[in-house]
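FYI, it's all coordinate maths here, none of it is from the lab. Bear in mind the structure is a predicted one, so any value in this text is a computation, not a measurement. In this analysis, Cβ positions are derived from the backbone assuming ideal geometry, glycine residues included, and neighbour counts consider all displayed protein chains.
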Amino acid sequence: MGRNPMRAAVTLCAAAALAVPLGTASAAPSAEDTTRTQQTRDPVLVDCAWQPEVRPEAFLLACGDGNSRLVSLDWLRWDANAAVGRGTNAINDCDPYCAAGTFHSYPVTVRLDQPRAWEKDPGERHYTRMTLTYTDGRPDGFPRVVTYPLWA
């Protein structure tokens, strides 16, 4: 053990003490770690076909007739509390009627918030509210800020 047996013994004990935690760190994650990971996953946006989406490039607002949709979405934030992005709201003017109408585009800021457990998949959280802010023009009769509840 060399010239200082006490120093060698302390060094060996310290090395052994450090090796034990390092060995368990590479083991499979515990159930607690898995649950924590699931709870910290970012919420999803549920589309008209009941499919969960994260940072979609487009989103249909009018599921029944398709006369209002968000397109060219660019997400600046997407986390456990809210999502914020920019895009265009393409809306059919339905003039003289929807099948013969014209789509008009309006730039918007999109905010998703109020995440909750999704009834279809309680392990998944989804945003339950969407707020659109029209940044340059808006459809006739629309306020500058519109808030929609999103389905559960």
*Work out how much length ASP140 to ASP113 would gain on full extension: take 0.36 nm times their residue separation and subtract the Cα-Cα distance, in nm to one decimal.*
7.1 nm
*DSSP loop chymotrypsin sites (Phe, Trp or Tyr not before Pro) in segment 92-127 with at most 16 other Cβ atoms within 10 Å of their Cβ, which ones?*
TYR97
*Stokes-Einstein D for segment 40-149 at 4 °C, 1.567 mPa s, Kirkwood Rh over Cα pairs, in µm²/s?*
89 µm²/s
*Given H placed on each backbone N at 1.01 Å, which residues far from CYS94 in sequence or on other chains put an amide H within less than 5 Å of it?*
GLY101, THR102
_List residues of segment 96-117, by number, whose backbone nitrogen lies under 17 Å from a label position 7 Å along Cα→C-beta of ASP79._
111-116
